[in-house]
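Step one of this worksheet: look at the structure below.
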Amino acid sequence: PRVYERKKYTIKPCVSAPESSFAKRPSPTLMAKKFLVNDIISFDIFDTLILRPFDDPKSLFFLLGEKNKCPGFKRYRELAEKLARQEAFEKNGTYEVTLRDIYEKLSRFVLLDIDKAMQYEIETELDLCFANPYMKEIFLQAKNLGKTIIAVSDMYLSKDVIEKMLKKCGYEGFDNIIVSNEYNASKRSLLLYEYIKEQYGVEKKYIHIGDNIVSDNRSARKCDIEPVWYKGVNPRGNAHRAFDMTSLIGSAYRGIVNAKLQNGDKQYSQYYEFGYTYAGFLVLGYCKFINDYCKNHWIDKILFLSRDGYILKSVYDRLYPDSNTEYVYWSRSAATKLTVNRFKNELLLRYIKYKIPRKMTIAKILKAMDLEEMQPFLDEAELTADTLLTKENYEDIVKVFTIHWDIVTEHYRHSNNAAKAYYKAAVGNSKSAVIVDIGWAASGFSALRYLIEDDCKVRGLVAGSTYLHDMDIIEPQMTNDIITSYMFSQRINREIRRDHDVKRMYGAFTEIMLSAPAPSFIGFDFDDDGRIKYEFDYPEVEGYSMINEIQDGIHDFVNDYTKHFAKYPCMMNICGSDAYAVCRQVISCPEYFSNLFADYPVNRAVGSASFETGSLGKLIENEFVK
């Protein structure tokens, strides 16, 4: 049998410093000094003054294919342009063509209304183009100097269309806009530069700014025009981007991130870039997935679980402001206490068995569980307060707990009742609700379903489905459509599920993307007046500023992406495999994480009786970076 080797297209992210710090460009002030000694200032247009939200401008043809109801449109459009340029060279000795020339050739492959199809392309270009903020500032500097400013492009679009695009992007006041197809001459061939010098005077001093190393740099220099090479945002940025993605969405993701971090306008912190470059894409895709699911299943209420749900709810409410959402307190440690009447072993696992490597005493374990009243019964079994928890005595401890389980359930009864009251209030009168979490075993959903489903039909959504100890734990619920996964599970993207190594903290790396500036939730209880009170773990306040920067990046990415594609809602359909491709890029580079979170504090004793602070970066380095 033939063996297919899966190709890896994931590029390691920048490790040592913010990516934007490597995108330094000459300051607008420095550029203004260059302008002072020149008479004519010339700007390239596309990929210099104007950007598109794709790393490949031909990706725009995918959208045109939908408008023209032609699945193979992109391929035909590219071929038509190639044929039109070949014919132009054979007739005129240049490769210059107009948009109509291209569409007339396109009619050889597709039967369509040429005028209507051309208008679709023009409209789409106008919809998607946006100003390069760095070049916008340089353009304004040039205007303030009162210099002669021209825009020059080797392009098939007409001058009138390009002028509209420039105006839409805020560029007004050019002395001239010169487009190659109107003069049957290009920058690359030198002829367009020679025409410009003839028009404005060969004795004048010229400077030209553009992204193409040949047309805008070498050709300009050959014509005694001072070139300023502005290397494009996409050639620079794609060295840091993930490529194992679908063609259209992948191009949009890379184009938007490249435009943000590589244009040279600003420098950002690594935490902001982490949110903008990686977490924002996951959040946007997951939120759209949640919204689609709720529409298809007639969901009345969405419950976002703390703490991962904090940023999810914030973004979701901005995208879908009419939705009925609630942010609810929850944690794994709290859930184990709240469900002791049903899921007995979960308490024993989380608070006892999983603590064996920590070399904790019986007294410390009981304090973490708030079950000091169990000590006399453990003493009878010769498990004293200062006895260390080990693999050998674990079953003996479990036996004591099992015999006296009624004490455990009675102890947590008040907390359980408080939790039921809290969650039922959150659900309200809704008849159907969905519980949103990251994953990976849907333990939050299972616990809340037990607490509230008597009054409301509950479903669960997770970002990904995998589990360290029981890989099949939620398969029956997924089969029944009670739980649905966004990125991967046994039912979808199974190859991703195999690669997502829980033992190597891959799940934790993904959860870090959605950290919240709040302490872990521990549990519920009633105060003396019968009101619900909430208990929290020690706050890791030193990390909150980092989290806030990450979340700023997330919000800005979502804002930019949705703004650019406001007229193209199909672009919000980010599939789970694309979202995971971006996650995989950072998951596969622990060096990036250890550098980024070198000063990020974590409580390594969540749910315990103490606060054991440590560095997340150091933890990752000790585990993975050898």
For Lys91 and Ala508, compute 0.36 nm times the residue count separating them, minus their Cα-Cα distance, and round to one decimal in nm.
143.9 nm
Out of residues 5 or more away from Tyr327 or on other chains, whose amide H comes under 5 Å of its own, with H placed 1.01 Å from N in the peptide plane?
Phe304
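Listed here are the pairs Lys58/Lys231; Lys91/Lys116; Lys164/Lys563; Lys147/Lys167; Lys313/Lys431; which of them are more than 22 Å apart at the Cα? Working shown, then result.
Numbers: Lys58/Lys231 19 Å; Lys91/Lys116 27 Å; Lys164/Lys563 19 Å; Lys147/Lys167 19 Å; Lys313/Lys431 20 Å.
From Lys58/Lys231; Lys91/Lys116; Lys164/Lys563; Lys147/Lys167; Lys313/Lys431, over 22 Å: Lys91/Lys116.
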So if I take the centroid of the Cα atoms in the range 555-574 and the same for the range 27-53, what is the distance between those two points in Å?
29
At a 1.4 Å probe, what is the % contribution of carbon and sulfur to the accessible area of the range 147-192?
43
Where the range 41-173 is the region considered: accessible area per residue in Å², 1.4 Å probe
44
Hey, rough spin-label estimate for Asn393 and Asp481, points 7 angstrom out along Cα→Cβ, what's it come to in nanometres?
5.2
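Could you order peptides 33-40, 268-275, 19-26 by the average number of other Cβ atoms within 10 Å of their residues, highest first?
Details: 33-40: 14.9, 268-275: 23.9, 19-26: 17.2.
Going by the mean number of other Cβ atoms within 10 Å, highest first, we get 268-275, 19-26, 33-40.
For the chain, what is the charge dipole size about the Cα centre, in debye to the nearest 20, if Lys and Arg each add +1 at the Cβ and Asp and Glu each add -1 at the Cβ? All intermediate terms of the calculation are to be shown ahead of the outcome.
Numbers: 84 positive and 87 negative charges, 361 e Å.
In total the dipole reaches around 1740 debye.
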With every protein chain in place, the accessible area of Arg413 for a 1.4 Å probe, in Å² rounded to the nearest 10, comes to 100
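Quick check on packing: order 479-488, 456-465 by the mean number of other C-beta atoms within 10 Å, highest mean leading. Let's see the in-between values first.
On the way: 479-488: 20.0, 456-465: 23.6.
Top of the packing list down: 456-465, 479-488.
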Which one is right for this structure if mean projected area of the Cα convex hull in nm² is calculated from it: [x] 39.6; [y] 35.3; [z] 27.1?
[y]
What is the spin-label model distance, in nm, from Arg218 to Lys116 if the labels are put 7 Å beyond Cα along the C-beta direction?
4.4
State the antiparallel share, in %, of DSSP beta bridges confined to the chain, rounding to the nearest 5.
25
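Tell me the relative contact order for the chain as a rounded percent, counting alpha carbon contacts under 8 Å between residues six or more apart.
16
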Rounded to whole Å, give me the distance from the Cα center of the range 488-548 to that of the range 58-74.
42
In deg cm²/dmol, rounded to the nearest 500, the helical mean residue ellipticity at 222 nm of the chain, built from -39500 (n - 2.57) for every DSSP H run of length 4 or more, is -13500 deg cm²/dmol
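The values are calculated or read from the model by the stated rules, or taken from the named source; none is laboratory data. Everything numeric here is computed off the predicted structure, so don't read it as measured data. Because the Cβ atoms are built from the backbone with ideal geometry, glycine has one as well, and the counts that use them run over all protein chains shown. Areas reflect the complete protein model, heavy atoms only, side chains present, ligands, DNA and RNA absent. Shrake-Rupley method; radii C 1.70, N 1.55, O 1.52, S 1.80 Å.
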